[in-house]
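**Q** To start, I am sharing the structure in question, which I have written as structure tokens.
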Amino acid sequence: MNKLLIETYKNTFHAKPSKYFMAPCRVNLIGEHTDYNKGLALPAAISKFIHAAVGKRDDRKICLKSLNKLDVITADLDDIKNKPEQSWGNYPLGIFATLIKRGYNLPFGLNIIYSSNVPIASGLSSSAALLDLTAFIASKMYGIPMKNEEIAMLAHQSETEFNGLQCGIMDEFAIALGKRNKCIILDCKDNSFSYEDISFKDLSLVVIVSNVRRNLVHSPYNQRVEECREGLSRIKKHYNIDSLSDVKVTDLPEVRRIVGNETLFKRIKHVVTENQRVRDFVKASKEGDTSMMCKLLNESHESLKTDYEVTGEYLDYIHDISLRAGALAERMTGAGFGGSSIALIKNEDFETFKESVFREYYKKYKIRPLIFLADICDGLIEKDL
Ligand code: GLA
């Protein structure tokens, strides 16, 4: 529990908070840009958290503060709109607007103060963590019973409708459903999921944050979603399929002919081969075949670089220097366009790996990357005060 957060709550709102909540962030092991194509992903929650101290108000205002910012963002429950001046507050506010849109009666306002050690706009889903956390807070404070997957769905509805990112469901699910030392195999065809014990044997999972920030709403993310839609509609004229994830690897030569556009074909090829890589990765983990797991992770990065074109200069450089520094596998994780990567390295190599990647990256870009061992953890947490 963060004592400074509770103290700041008292100083800001002149009252004591009544509840304390936490949400982790996530990495995705493999299965990238597949979720909005109804495909497979393999994410896990990791232990960098957003914390929140919360209390009821006597009026109908939602008052939001972040420990890192001076101002308090205030909105009335009866008139919540997405406004640029509300900046990060548009994420939590969207949750209340979405609940009201769904017909829930929210009888009182809330004070919420957040603090975070999740690197912001880094590809580790700080925004999905903020959304899931606020959806969790709302369900508990207003007594709206919701399973964790329903919290994820609410957060996702809010992000797409209120914040305007046409994202898939992976981040919200990974954070809401996180389980200690487990990965989540998520099938976005029907949002079904199960837990997998992914065995890294003598390898460690490392996260490398490029510290190149990006805003996905203003990145080519929505453009990729559109390209996939267009590719699907061209294939549908010939094949009876519901999503790109129904296309098999063996169909690709025929799909190339039908689609008749090399850029669209490359996007489709990534999605189709990436789904297959998720299946092969889970199989390799069950068989204890870490060299196959590493090969698939490296192939995933290559596909995201060459066919999907979302890695960008910084993540490609991190990929190269990581492999040179002894990583057995390295790939971008999340949306790309800057953001973060994951690597698998021998347990005993972490310190030398970290030192070498930091030095090389800093030498080229004068940006300090953040490099840490991933600790796979539980999802949403409620604590009594
Ligand atoms: C972002 C989105 C997810 C997913 C990933 C790419 O993190 O929020 O829904 O599409 O990019 O796999």
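All of the numbers you see were taken from the coordinates with simple rules; none came from a lab. None of these values were measured; they are calculated from a predicted model. For neighbour counting, all protein chains shown are included, and Cβ atoms are generated from backbone atoms with ideal geometry for every residue, glycine included.
**Q** Specify whether the C-alpha gyration tensor of the range 133-179 places it in the rounded, prolate or oblate class, a ≥ b ≥ c being the square roots of the eigenvalues: rounded for a/c under 1.5, otherwise prolate if a/b is larger than b/c and oblate if not.
**A** oblate
**Q** Next up: Compute the Cα gyration tensor for the range 16-62, then decide on rounded, prolate or oblate, letting a ≥ b ≥ c be the square roots of its eigenvalues: rounded whenever a/c is under 1.5, prolate when a/b is larger than b/c in the other cases, and oblate in all that remain.
**A** It comes out oblate by the Cα gyration axes.
**Q** To the nearest 20 Debye, how big is the dipole of the range 17-93 about its Cα centre, given +1 on the beta carbon of each Lys and Arg and -1 on that of each Asp and Glu?
**A** Computed charge dipole of the range 17-93: roughly 220 debye.
**Q** Rank Phe49, Asn298, Leu264 by how far each Cα sits towards the positive end of the charge dipole of the chain (+1 on Lys, Arg Cβ; -1 on Asp, Glu Cβ) and give me just the farthest.
**A** Phe49
**Q** Among Lys305, Lys346, Lys101, determine the one that fluctuates most according to a GNM of the chain built with springs between C-alpha atoms less than 10 Å apart.
**A** Greatest mean-square fluctuation among the candidates belongs to Lys101.
**Q** Now for a different question. Work out the charge dipole of the chain with +1 on the Cβ of Lys and Arg and -1 on the Cβ of Asp and Glu about the Cα centre, then indicate which of Leu323, Leu344, Ile73 is farthest towards its positive end.
**A** The one lying farthest along the dipole's positive direction is Ile73.
**Q** Given Cβ point charges of +1 (Lys, Arg) and -1 (Asp, Glu) and nothing else, what value in debye, to the nearest 20, does the dipole of the chain about its Cα centre take?
**A** Computed charge dipole of the chain: roughly 600 debye.
**Q** Using a cut-off of 13 Å between alpha-carbon atoms, which aspartates and glutamates can reach Lys101, once sequence neighbours fewer than 8 places away in the same chain are excluded?
**A** Asp78, Asp79, Glu161
**Q** Where does the charge balance sit around Leu370 when Lys and Arg score +1, Asp and Glu -1, over other residues with C-beta under 13 Å from its C-beta?
**A** Surrounding charge for Leu370 is +4.
**Q** Same structure, new question: Please report, in debye to the nearest 20, how large the charge dipole of the range 172-314 is about its Cα centre when each Lys and Arg carries +1 at its beta carbon and each Asp and Glu carries -1 there.
**A** With only Lys, Arg, Asp and Glu charged at Cβ, the dipole is about 120 debye.
**Q** Just report the Cα centroid separation between the range 27-45 and the range 137-153, whole Å.
**A** Spelled out, the Cα-based centre of one part sits 23 Å from the other.
**Q** Which pairs, out of Lys269/Lys295; Lys65/Lys364; Lys147/Lys266; Lys236/Lys286; Lys69/Lys354, put more than 27 Å between their alpha-carbon atoms?
**A** In this structure, Lys65/Lys364; Lys147/Lys266; Lys236/Lys286; Lys69/Lys354 exceed 27 Å between Cα atoms.
**Q** What are the residues whose amide H is under 5 Å from the amide H of Leu380, where those residues sit 5 or more places off or on another chain and H is modelled from the backbone?
**A** Gly178
**Q** Quick one: grab the alpha carbon gyration tensor of the range 203-373, order the square roots of its eigenvalues as a ≥ b ≥ c, and give me rounded if a/c is under 1.5, else prolate or oblate depending on whether a/b is larger than b/c.
**A** oblate
**Q** Name the aspartates and glutamates eligible as straight-distance cross-link partners of Lys48: C-alpha to C-alpha under 19 Å, and not fewer than 8 places from it in the same chain.
**A** List returned: Asp132, Asp171, Glu172, Asp375, Asp378, Glu382.
**Q** Still on this structure, I have one more. Springs between alpha-carbon atoms under 10 Å, Gaussian network over the chain: tell me which of Asp307, Asp59, Asp79 tops the mean-square fluctuations.
**A** Among Asp307, Asp59, Asp79, the largest mean-square fluctuation in the Gaussian network model of the chain belongs to Asp79.
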